[in-house]
Each structure stands twice: as C-alpha cells, then as structure tokens.
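Have a look at this one.
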Amino acid sequence: MDPAEGFEPEASFGTHFFLDLVEADILYIPLYPGDEGYFLDEGFFIGAPNELGKTLIGYEDYNEIVRVIDVSESSQWLSAALLVNPDNKSAECYLVLSK
C-alpha cells in the first residue's frame, strides 16, 4: 500500500466497516505516507507494545490488525492529542513531553 509503488490506498476498500463509520458519523483519518506534508513515525507504532489484550480482555487474537498504544508507557511523551478539522480535511497530533 505504498503510493511510491504506484498504489494509492482507498480508505473504504469496499467494506461494510467503512460504511458503518460513515453512517455513525465517525471521522476517519487516512494517511498517505510519502505525500508532502505528511509524517508518520512507523517505527514507533510498530515497536511500541500492543496493549489491546489489557484493554479488551479476550481480543488478543486481533493483535496483528489492531494496535492500542499507551503513549506514556511507550515513549518519552506524556500524552498525545489529535486535533481534526473535517471542514478542511486536516489533522494534527500534538505530543507533550514528560518531565
């Protein structure tokens, strides 16, 4: 799913899940690595411990497709905040350093 390889991912991929998000008025945020103005620290997301099993007991089978990350336990950051503006289709993530 790399635009650099000529493949532009489509957020829906024709799934009912995407339709459920839209109908529930849940804002989704597709990321397109490689596009100008985008930055995603994939190493952090891949390397951080997955807390899914602690958050949803019994759902450990989904560890390969769903990641829950405790930012304060996984990095030098105290917290993270995501601000989304659906009107201009922008999002910014702010990280707060721990003391």
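For region 39-44, in order, what is each residue's ³J(HN,Hα) by Karplus, 6.51 cos²θ - 1.76 cosθ + 1.60 with θ = phi - 60°, in whole Hz (x at glycine and Pro)?
Rounded to whole hertz, the list is 9, 9, 7, 4, x, 5.
Testing the spin-label approximation: label points 7 Å from Cα along Cα→Cβ at Leu21 and Ala91. State their distance in nm.
0.8 nm
Test of understanding: ordering Leu21, Leu82 by Cβ neighbours within 10 Å, fewest first, what list do you get?
Leu82, Leu21
Read-outs throughout are calculated quantities, based only on the coordinates presented, and are distinct from any laboratory measurement. Nothing here was measured: the structure is a model prediction, and the numbers come from that model. Counting neighbours? That spans all protein chains shown, and the Cβs are built from the backbone with ideal geometry, glycine included.
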